[in-house]
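The values are calculated or read from the model by the stated rules, or taken from the named source; none is laboratory data. Not measured: the values here are computed from a predicted model. Neighbour counts run over all protein chains shown; Cβ positions are idealised from the backbone, glycine included. Please note that ligands, DNA and RNA were not included when accessible areas were found on the heavy atoms of the full protein model with its side chains. Shrake-Rupley method; radii C 1.70, N 1.55, O 1.52, S 1.80 Å.
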Amino acid sequence: MSLTNPKEEFERLQEAANFLKKKFKEAPRLGLVLGSGLSDALGKLISEKRITFEDVPHSPKPTVQGHAGEYVYGQLEDKWVLIQRGRVHYYEGYEMHEVAFPIRVMQLIGVETVIITNAAGGINENFSVGAFVLIRDHINFIPSNPLRGKNIDQLGPRFPNLLDAYSSKLRTLAKKSAKRAEIELKEGVYVALPGPMYETPAEIQAYKRLGADLVGMSTVPEVIAARHGGLNVLGISVVTNMAAGIDPGTQLTHEEVLETMKRREKEFARLIHAILHDL
Ligand code: HPA
């Protein structure tokens, strides 16, 4: 079944949100989605509580190596945050409402701002492996999205716009935070593909001509759901590899992606702390 009954889906979301809310001291206003290999980057939070996806009613469970699958609630930089460690992807065979589920749960919990992170291939030759890149906008080639089907009116409007999907205000703030922490932060357009195979060099050249700087297999469905629900979004990619054919001779493997993430984990944590401090 690919499309949901909006009333039933909303009830499932509420059940999951209520289950989580009971475990919180204070409703978090900030959400954080940690992508491939970033799950452990932030270490332990203050007053931390971990809740595995298994325990959350109706929550989809990830299947990929490097994706943990739990919610972490606690304090970072004096703010209550809800972290989604690990995500589910279109390429795993999940339906888009399942991919969007954790973001929508955050919305119902009262999260207002969400930082969505991912591993991405670098198309722009000014980027290098390990670079941190703010997502300025996206191009979506994933052949479905969480809003397809009857609208869930309690969550948002039938026809939301994606004009400032990656909040320019939040990007300005993030750039200042990064500068203060002396961390280089680039900016670019993210193209989302269904995966799970990496791209061909010819495809990457085509995406480059279309205006893409980064390529990945996640994030956009979540951003669409978040914007539908009125959440403010900040998107950050870690360039784990140069995209196919950009750097001739490099091999594209999931291990390389995870290795780069591991290598950049501490610096990434510093960047997130700097941004959270200023939010
Ligand atoms: N392509 C698609 N997705 C990715 C890549 C890539 O090169 N690197 C990390 N995620």
TODO: Could you rank 150, 186 by how accessible they are, 1.4 Å probe, largest area first?
DONE: 150, 186
Task: Accessible surface ranking that places the most exposed of 132, 141 first, with a 1.4 angstrom probe - done: 141, 132
TODO: Compute, for residue 91, the solvent-accessible surface of its heavy atoms (probe 1.4 Å) with the complete set of protein chains present, and express it in square angstrom to the nearest 10.
DONE: 60 Å²
Open item on the list: For the pairs 25/79; 23/266; 44/79; 175/262; 44/266; 21/49, flag any whose C-alpha to C-alpha distance is greater than 18 Å.
Closed with: 23/266; 175/262
Task: Distance in nm between pseudo-label sites at residue 251 and residue 206 (7 Å out along the Cβ direction from Cα) - done: 2.7 nm
Open item on the list: Starting from 0.36 nm per residue, how many nanometres of slack lie between residue 179 and residue 79 once their C-alpha separation is accounted for?
Closed with: 33.9 nm
- [ ] Search the structure for amide H atoms under 5 Å from the amide H of residue 35, placed 1.01 Å from N in the peptide plane, and list their residues when 5 or more places away or on another chain.
- [x] 117, 118
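At 222 nm, what value in deg cm²/dmol follows for the chain if DSSP H runs of at least 4 each add -39500 (n - 2.57) and the sum is divided by all its residues, to the nearest 500?
The per-residue figure over the chain is -10000 deg cm²/dmol.
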Task: Length gained when the stretch residue 187-residue 277 is fully extended (0.36 nm per residue, less Cα-Cα span) - done: 30.3 nm
Task: Accessible area (Å², 1.4 Å probe, nearest 10) - residue 106 - done: 0 Å²
TODO: Give the accessible surface of the chain per residue, rounded to a whole number of Å², with probe radius 1.4 Å and ligands, DNA and RNA excluded.
DONE: 44 Å²
- [ ] For every other residue with a beta carbon closer than 11 angstrom to the beta carbon of residue 156, add +1 if it is Lys or Arg and -1 if Asp or Glu, then tell me the sum.
- [x] +2
TODO: With the full set of protein chains in place, find how many percent of the accessible area of region 23-118 is carbon and sulfur; take the probe as 1.4 Å.
DONE: 43 percent
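Residue 178: net charge of surrounding residues, Cβ under 12 Å, Lys/Arg +1, Asp/Glu -1, itself excluded?
So the surrounding residues net to +2.
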Open item on the list: Tell me the carbon and sulfur percent of the accessible area for region 153-279, rounded to whole percent, probe radius 1.4 Å.
Closed with: 54 percent
Task: GNM result for the chain, Cα springs below 10 Å: residue of 213, 40, 55 fluctuating most strongly - done: 55
TODO: Quote the FRET efficiency, to the nearest 0.05, computed for residue 197 versus residue 259 with a Förster distance R0 of 25 Å and r equal to the Cβ-Cβ distance.
DONE: 0.80
Open item on the list: Tell me the accessible surface of residue 270 in square angstrom (1.4 angstrom probe, heavy atoms of protein chains only), to the nearest ten.
Closed with: 100 Å²
Open item on the list: Just to be sure I understand: with springs between alpha-carbon atoms less than 10 Å apart, which residue in 218, 47, 144 has the highest mean-square fluctuation in the Gaussian network model of the chain?
Closed with: 47
- [ ] Using only Cα atoms, locate the centre of region 114-175 and the centre of region 177-222, then give the distance between them in Å, rounded to an integer.
- [x] 10 Å
Open item on the list: So if I take the alpha carbon set of region 1-130, get Rg, then get Rh from the Kirkwood formula, what is the Rg over Rh ratio?
Closed with: 0.99
Task: Three-way shape call for region 93-224 based on the alpha-carbon gyration tensor, with the a/c threshold at 1.5 - done: oblate
